[in-house]
Structures are given as structure tokens and as C-alpha cells.
Amino acid sequence: MSDTYWVDGKYLKKEDVSISPLTHTFHYGLGVFEGVRSYGAEDGSVNIFRLDEHTNRLLESAKITGIDINFSYDEIFDAQIQVVKKSNLQNAYIRPLLYLGSERLGLDIDGIDSHAMVTCWEWPAYFGEDALEKGIDVMVSSFTRQFPNSLMTKSKISGGYVNGIMAHDQAKKNGYQEAVLLDTNGFVAEGSGQNIFVVKDGSLITPSLNCCLNGITRRSVLKFAEDENIDVIERNITRDELYTADELFFCGTAVEITPIRSVDKKLICNGNRGEITNLIQSLYLDTVQGKSKKYQDWLTRV
Ligand code: PMP
């Protein structure tokens, strides 16, 4: 973990940060956060990927949940750059969090102060070193993804992650690396913390944005596909379409582009990373590492 924290406008060392056990967000989960990554480039620079989109989504999450923020877009944008700079990390995972304080517990949030913090740490390979090449084994979860009107899915709400954590934990205890959650109607929603793409007959198919997060990596994949003349269809996907996919992959800031090797023990693409997955993964990694000139405007230099 990094030693650098930005808390309510001040840069603090780890030992100087404290938080009350009565912090409202601890108890009820009403907080919102982001997961952002920086990457070292060959020229020695460090760049944050799509910081503008992540910062905007954080502010939208706050608006959706009714958390008033005491900081501007620019202040939160800059704090993310500064914590990476101060940490001296190149490949950092950056975590901004907006949370409610400890004035009072109970479900009435009126008058409870909101707080903001940003820190970062090193988080190299979400599913381990081999996963980007070899892929991962997943199961369709017995947990259903939240219905948008029970917990709004366009917002990264801290408490919403209980659903994903339970699905992920169940998958791991059953010998899989990750879970795929279905929505209330039985259509594929997403992974516990990543969006999903099916490759079928040369096209990319991904769930429309009903019950999944509007992922920033998902948006990047859609742009890559457009530029590579690969058809993309956003629609409902059934569980059996996962089984008969030509290729499958997860995408997200933490997992980057991770091939899915099997679903419910049914092998996908003979257990190999498929051609389109390979292409999208290379485009993604070249972009975030600053090797591709084409998508330079997605990078913010630290
Ligand atoms: N779905 C969920 C539930 C997530 O937590 C994440 C990670 N933020 C994603 C999808 C992928 O989103 P992004 O590409 O913006 O990281």
C-alpha cells in the first residue's frame, strides 16, 4: 500500500490518517469510489488512463446517491495525479473515495459531512501473472446482479459491491477464478467487477447498459472495435450464448482485458486466447502503456 494519501484537501502520510469506527459509510455502505490505473511508458513518463472519464463518473456516482461533495472536479482530478507523483509508483492503482462522516448514524443522511480521499498502490495482475495470456475459468453465479431500481448500476456505490464480493467468493470456493452474474431477467449482466464481451462469428456482443456498470474499459473496447471495423452489438445475452461463444473476455480497469478460458467447465475457444481477444488486448495494453499514438488523448501525464 502507498504511503501517500490525499484526505479532504491535505496530503498525509499513512500514520497520520485516522478514521472513526462510527464512520457512516462503514455501517451502511453509502459511499462512492473509482478504480483508476497509471502506467509507466517506455520514455520514462507515467500516465493515468482516462482520468477525465473516471473523475466524471465519480461525480456522477455522488450525484446519483445524493452525496454532496466539498471539492471540485479539478481538485479531485489533480489529487489523483499528485498521489501517483508522490508515491513514485509507475504502475499504480488509484482509489478515490467519497464517504460520509461520523456525526451521526442512522438512515437520515441530512447534515452528515462528506469526505473525500485518494490514495494509490501497486496492483500488478488482478488474476495472477498468467491470466492475460491463459485466461480464467468462470462460473455463472447463483447471485443475481442488482436490479437498477434497487441499487443503481451506473454508480460505483461502495455497498453495491457486497453483491459482487459474495459472487466472487462463491466462485473461488467452488474452484473458479471469477463469477458471471445474470440480471433479474436471467440475461448476462457482468462479472463481479468487470464488463463482459462475447465474440461470435467475427462480431463483438456485449450486454446493453441495463444492469451493468458503464465501464470505461468497455467504452475503450467499443472504440477499438469501431476503428478496426469489427461489428459491435449491444443487446441481451443469454447464458447459453456464453457456452457457445467463439471467444469471451472480461474488461475493466483492474483486470484489463482478461480472456475467459471456460464457463461452467465448458471450454471456450479450446481454452485458448482467441484472435479478436488478442487484438483488443494488444490495442489496450499498447494504449495504456503509451506505445500507441492513436489514443494519446486518453492519457494524462503525471
Ligand atoms: N463492472 C463493475 C461492477 C465494476 O466494478 C467495474 C470496475 N470499475 C467494471 C464493470 C469495469 O469498469 P471500468 O472499465 O470503468 O473499470
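By how many nm would the segment from K85 to K173 lengthen if fully extended, with 0.36 nm per residue of separation less the alpha-carbon distance?
Details: separation 88, 0.36 × 88 = 31.68 nm, distance 3.81 nm.
Gain on extension, K85 to K173, equals 27.9 nm.
Protection proxy ranking, highest mean first, for peptides 140-153, 46-59, 64-77: 46-59, 140-153, 64-77, where packing is the per-residue count of other beta-carbon atoms within 10 Å, averaged. Along the axis of the charge dipole computed for the chain (Cβ charges of +1 for Lys and Arg, -1 for Asp and Glu, origin at the Cα centre), the listed residues I230, G31, S61 are led at the positive end by G31. Over what distance in Å are the Cα centres of the stretch 265-282 and the stretch 169-187 separated? Each part's Cα centre sits 20 Å from the other's. Once Lys and Arg get +1 and Asp and Glu get -1 on their Cβ, which of N149, G128, V162 lies farthest toward the positive end of the dipole of the stretch 115-168? The residue sitting farthest along the positive end of the dipole is N149.
For E228, project a label point 7 Å along Cα to C-beta. Then give me every residue of the stretch 269-302 with its amide nitrogen under 14 Å of that point. In the stretch 269-302, the label zone of E228 (backbone N under 14 Å from the point 7 Å along Cα→Cβ) covers 273-288. Using C-alpha pairs under 8 Å with a sequence gap of at least 6, the mean separation divided by the residue count of the stretch 219-302 gives a relative contact order of 22 percent.
Measuring nothing but how far apart in sequence close Cα pairs (under 8 Å, 6+ apart) lie, relative to its length, the stretch 4-122 scores a relative contact order of 36 percent. Using alpha carbon centroids, what distance separates the stretch 9-59 and the stretch 60-131, in Å? For the stretch 9-59 versus the stretch 60-131, the Cα centre distance is 3 Å. Charge dipole (Cα centre; +1 on Lys/Arg Cβ, -1 on Asp/Glu Cβ; no other charges) of the chain amounts to roughly 300 debye.
Strictly over 25 Å apart at the Cα level, which of K173/K200; K134/K200; K265/K291 would you flag in this model? If you can, show how the numbers build up before the last one.
Values: K173/K200 30 Å; K134/K200 20 Å; K265/K291 36 Å.
Too far apart for the 25 Å limit: K173/K200; K265/K291.
Highest mean packing first, where packing is the average number of other Cβ atoms within 10 Å per residue, the peptides 259-270, 209-220 line up as 209-220, 259-270.
How large, in percent, is the carbon and sulfur part of the accessible surface of the chain at a probe radius of 1.4 Å?
Values: 6660 of 13850 Å².
Roughly 48 percent, rounded to a whole number.
Compared with the dominant principal axis of the Cα atoms in the chain, helix 73-87 is inclined by about 80°. Computed from label points 7 Å out along Cα-Cβ, the spacing between R235 and D78 is 4.9 nm. Counting lysine pairs in the stretch 4-122 whose alpha carbons fall under 26 angstrom apart, excluding pairs fewer than 8 residues apart on the same chain, gives 7. For K293, the lysines whose Cα comes closer than 21 Å to its Cα, not counting residues fewer than 8 places off in the same chain, are K223.
The values are calculated or read from the model by the stated rules, or taken from the named source; none is laboratory data. As the structure is a prediction and not an experimental result, all values here were calculated from the model. Ideal geometry is used to build each Cβ from the backbone, glycine not excepted, and the neighbour counts take in all protein chains shown. Heavy atoms of the whole protein, side chains included, go into the accessibility calculation; ligands, DNA and RNA do not. Shrake-Rupley method; radii C 1.70, N 1.55, O 1.52, S 1.80 Å.
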